[in-house]
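S.K.: Attaching a single structure in structure tokens format; questions to follow.
Values quoted throughout were computed directly from the atomic coordinates according to the rules given, and no laboratory measurement underlies them. Everything quoted here is computed from the prediction, not taken from an experiment. Cβ: placed from backbone, ideal geometry, glycine included. Neighbour counts: every protein chain shown.
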Amino acid sequence: MTGPASALRALGASAFAALLAATTVVPAAHAAPTGHAARADALPAAPEPKAPKDFVALDRVDPTILQDMRYTTEHNFVGEPIDGYRRPVCILTRPAAEALHRAQARLLARGYTLKVYDCYRPQRAVDHFVRWAKDLDDERMKKEFYPLVDKSRLFADGYIAEKSGHSRGSTVDVTVVRLPAAPTGPYVPGGPQVECFRPQEQRFPDNSLDMGTGFDCFDTLSHTDDPRIQGVQRANRDLLRGALAEQGFVNLPEEWWHFTFKPEPYPSTFFDFPVARRSVAGH
């Protein structure tokens, strides 16, 4: 059995340093107005909204949890960085972050670590998903993420919605990685795609335990209790669900990776502050 200290060392200096790296937000540039518009627009732009005081960056609560924030990159079902994701940082309500920390401590002792793909998600990102889903001509990532689903069915089948629990701040997309953590393979935009439900050795080289599908796989095989998932894949899903359930997280049955901490501090509020350290500065 691997102890917490040795497991922490096994994460590797580079991964640990990456989690602790400070980031800044560069304000968007605007063209200078002229004439009457210049006088009317002389007032400074309204500041970006910030998170409530009980939101935190996860790495301030537990820097050992790996972060693979896909929506800041082109490697997601849309195929481009998503609106509102300024920096690859996981932000959560403090109760959810502390619950993840408790789950991580238990997993480290067993030789595993958590890895998050997505945490708090601003409403503007959800709006980006909705616009993309309505554009039936944009199928650049279809082969990997929704190979068997007609894009016109994404709303009806529940893969895309106009609101997301992620925007309330206590929902996380997460997996388990065996220590020492191998690197996740590089994503090459425009490169060959492999269906997300293919055997692990064939699909995108994520360092997650084999859960039967990749993250964000729009397929019924992603349903947590799909009966086709057996053996090692079933054991891995049960490991993830059990570790998080012990700390108050409830799984979404349609997505093995999707968990919400209960009770939610903001059960009916959908926030829109950007994913950036500035949003939780000083918390």
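S.K.: For a test of the definition: using alpha carbon positions, the gyration tensor, and the 1.5 limit on a/c, classify segment 50-208 as rounded, prolate or oblate.
M.R.: Cα axes put segment 50-208 in the oblate bin.
S.K.: Next up: For a Förster distance of 51 Å, can you work out the FRET efficiency between the beta-carbons of Thr184 and Asp54, rounded to the nearest 0.05?
M.R.: The pair Thr184/Asp54 has a calculated efficiency of 0.95.
S.K.: Using the Cα centre as the reference, give the magnitude of the dipole from point charges on the C-beta atoms of segment 53-151 (Lys, Arg: +1; Asp, Glu: -1; all else neutral), rounded to the nearest 20 debye.
M.R.: In debye, rounded to 20, segment 53-151 gives about 440.
S.K.: OK, next. Find which of Ala109, Val130, Gly84 sits farthest along the positive direction of the dipole of segment 62-147, computed with +1 on the beta-carbon of Lys and Arg, -1 on that of Asp and Glu, about the Cα centre.
M.R.: Toward the positive end, the furthest listed residue is Ala109.
S.K.: Computed FRET efficiency, Cβ-Cβ of Thr73 and Glu254, R0 22 Å: what is it to the nearest 0.05?
M.R.: For Thr73 and Glu254, the calculated efficiency is 0.40.
S.K.: Further question on the same structure: Would you mind calculating the gained length between Ser152 and Gln230 on full extension (0.36 nm times residue separation, minus the Cα-Cα distance), in nm to one decimal?
M.R.: 25.0 nm
S.K.: Name the shape class, rounded, prolate or oblate, that the alpha-carbon gyration tensor gives for segment 131-283, where a ≥ b ≥ c are the square roots of its eigenvalues, rounded holds for a/c under 1.5, and otherwise prolate holds if a/b is larger than b/c and oblate otherwise.
M.R.: Judged from the Cα gyration tensor, segment 131-283 comes out rounded (a/c under 1.5).
S.K.: Another one. Under 14 Å from a point placed 7 Å out from the Cα of Arg102 along the Cα-to-Cβ direction: which residues of segment 206-245 have their backbone N that close?
M.R.: Those under the cut-off are 243-245.
S.K.: Now, a different point. Please list, by residue number, everything in segment 102-128 whose backbone N is under 19 Å from a paramagnetic label point 7 Å out along Cα→Cβ of Leu239.
M.R.: Residues 102-117 qualify, since their backbone N sits under 19 Å from the label point.
S.K.: Which pairs, out of Lys50/Lys142; Lys151/Lys262; Lys134/Lys163; Lys53/Lys134; Lys50/Lys151; Lys134/Lys262, put more than 26 Å between their alpha-carbon atoms?
M.R.: Going by Cα-Cα distance, Lys50/Lys142; Lys151/Lys262; Lys53/Lys134; Lys50/Lys151; Lys134/Lys262 fall outside the 26 Å limit.
S.K.: List the pair-distance distribution P(r) of segment 213-283, using every Cα-Cα distance, as the percent of pairs falling in each 5 Å bin from 0 up to the bin containing the longest distance, rounded to whole percents.
M.R.: Percent of Cα pairs in each bin: 3, 14, 18, 18, 15, 15, 9, 6, 2, 0.
S.K.: Moving on. Cut-off 18 Å, label point 7 angstrom out along Cα-to-Cβ of Gln202: give me the residues of segment 146-177 whose amide nitrogen falls inside.
M.R.: Zone members listed by number: 146-149.
S.K.: Find the centroid of the Cα atoms in segment 75-119 and in segment 155-226, then give the distance between the two in whole Å.
M.R.: With segment 75-119 and segment 155-226 each reduced to a Cα centre, they are spaced 13 Å.
S.K.: Amide H neighbours of Asp118 under 5 Å, counting only residues 5+ apart in sequence or on other chains, H built in-plane at 1.01 Å?
M.R.: Here the answer is Asp173, since their amide H atoms fall under 5 Å of that of Asp118.
S.K.: From the backbone phi of segment 63-69, what are the Karplus-calculated ³J(HN,Hα) couplings (6.51 cos²θ - 1.76 cosθ + 1.60, θ = phi - 60°) in whole Hz, Gly and Pro given as x?
M.R.: Per-residue couplings from phi come out as x, 8, 6, 5, 10, 10, 7 Hz.
S.K.: Apply 1/(1 + (r/R0)^6) to the Cβ-Cβ distance of His283 and Ala46, taking R0 = 25 Å, and write down the FRET efficiency to the nearest 0.05.
M.R.: Efficiency computed from Cβ-Cβ geometry: 0.75.
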